[in-house]
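Reviewing the structure listed below.
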Amino acid sequence: MAQLDKTSFQLPIENPAAEDFLPLLGTDYVELYVGNAKQAAHYYMSAWGFQPLAYAGLETGLKDRVSYVLQQDKIRLVLTSPLKSGGDINRHIDAHGDGVKSIALWVDDATKSYQETTKRGAESYMEPKTMEDDKGKVVVSGIHTYGETVHLFVERGDYKGVFMPGFRAWDPVYKPSDVGLKYIDHMVGNVGWNEMNKWCQFYEKVMGFAQLVSFDDKDISTEYTALMSKVMSNGNGRIKFPINEPAEGKKKSQIEEYIEFYNGAGVQHMAMATDNIIETVTALKNRGVEFLTVPSSYYEDVLDRVGEIDEDLEPLSELGILIDRDDEGYLLQIFTKPILDRPTMFIEIIQRKGAKSFGKGNFKALFEAIEREQESRGTL
Ligand SMILES: [Fe+2]
């Protein structure tokens, strides 16, 4: 396995207010519980350009579930499905549909990470467990966060295997090319009414994070939908977790729609970074990924708002890529429609050109686009 390089994460947004009793080296992987991992794996390969990496299932001695591991540069996804009725994975899928179960964080010491967080009040999900094979050992521990989502702490040491003990290399003939996705920029959680501060405090107290930015409903409301959001980040800035809660509007908040269909709090979107958003989004569209669109009027005055940019406006406007600027630079971003049948999770593609924010200037245009979608689902 290509070991993640501790020094090569791009654009860490250092957050000196955060405490470092829990050094996090990056996102190790994201595990989704899905109804049909074999077909989901095909989707993430064919549409998203993920490369097959590892597999565990009946052939490797598992009796009750199967997992496929896919990788694109530093992003690793694990897709897990149950093989039998009953059990936690089925219950999770029944309650939430396909969705993110674990955000696994890469640490030097999974036992210490577990001790530091549980002594600060985190609820235990998994006590430190050592897994070993002839390629070395990996230690994993875990704590609960919002909803039924968990954080795992993964200590890899000098493990030389393909992913983890228990997995074997997965090397099918079909390997579509990648689309230039590089690393996870941020992962956003949706929580229930009036729960944003509680979960921000959780990240502050239990994980030593600090708040990076906040938006209130004046920033993020349209005529109908509204939400509030705060961004929590760890000390080296490699881990950024915006937390959203619904806010009162004339009609149903998009966060409320999520909570209803996900049956509680959960991961709303994963933002994946690219160095060339025009190429990445062109490739994704050609492979069938559907994005939210903004009216062409968005591009009429966007340069007045964001100033000069390196890219031509035309391909950006053809693809529907949004632009925003902060004090330090600008960013380009675009959001998919929900990638599941339930209107729950979606994916953001982001290219940072110095900007360290999250596209606040685009929220209004974006939310109007989301409302048009909600309208068509009858959930506005
Ligand atoms: Fe985002």
The range 261-292: number of residues that are surrounded by fewer than 22 Cβ atoms within 10 Å (Cβ to Cβ) and either without any contact (Cβ under 8 Å) to a residue 24 or more places away in the chain or in contact with a Gly (Cβ under 9 Å, 6 or more places away or on another chain) (or both): 11
Some residue of the range 240-249 being outside any strand (DSSP E or B), at pLDDT below 90 and crowded, with 18+ Cβ neighbours inside 10 Å: yes
Complete set of residues in the range 258-299 that are in contact with a helix residue (DSSP H, G or I) (Cβ under 8 Å, 6 or more places away or on another chain), aromatic (Phe, Trp, Tyr) and either within 19 Å of Phe363 (Cα to Cα) or within 16 Å of the ligand (Cβ to nearest atom) (or both): Phe291, Tyr298, Tyr299
Pick from the range 282-323, criterion small (Gly, Ala, Ser) and at pLDDT 90 or above, ranking: farthest from His42 (Cα to Cα): Gly307
Residue identified as of a type in the set (Asp, Glu), surrounded by fewer than 21 Cβ atoms within 10 Å (Cβ to Cβ), assigned to a strand (DSSP E or B) and touching a residue at least 60 places away in the same chain (Cβ under 8 Å) among Glu59, Glu31: Glu31
Residues that are hydrophobic (A, V, I, L, M, F, W, C), touching a helix residue (DSSP H, G or I) at 6+ places or on another chain (Cβ under 7 Å), at pLDDT 95 or above and within 16 Å of the ligand (Cβ to nearest atom), drawn from the range 177-221: Leu181, Val191
Selection count where residues are of a type in the set (A, V, I, L, M) and modelled with pLDDT under 80, scope the range 350-368: 2
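Residues are listed down the side, and each one gets a yes or a no for (1) in a loop (DSSP other than H, G, I, E, B); (2) at positive phi; (3) within 20 Å of the chain's Cα centre (by Cα); (4) buried (at least 22 other Cβ atoms within 10 Å of the Cβ):
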position	(1), (2), (3), (4)
Gln351	no, no, yes, yes
Phe358	yes, no, yes, yes
Glu371	no, no, no, no
Gln374	no, no, no, no
Residue satisfying condition, being within 12 Å of the ligand (Cβ to nearest atom) and farther than 20 Å from Pro295 by Cβ, within set Leu322, Leu340, Leu331, Leu366: Leu331
Pairs with Cβ under 6 Å, 6+ apart, first in the range 123-138 and over 15 Å from Trp106 (Cα atoms), second exposed (fewer than 15 other Cβ atoms within 10 Å of the Cβ) and among the basic types (Lys, Arg): Lys135/Lys160; Gly136/Lys160
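The values are calculated or read from the model by the stated rules, or taken from the named source; none is laboratory data. The structure displayed is predicted, hence computed values, not measured ones. Because the Cβ atoms are built from the backbone with ideal geometry, glycine has one as well, and the counts that use them run over all protein chains shown.
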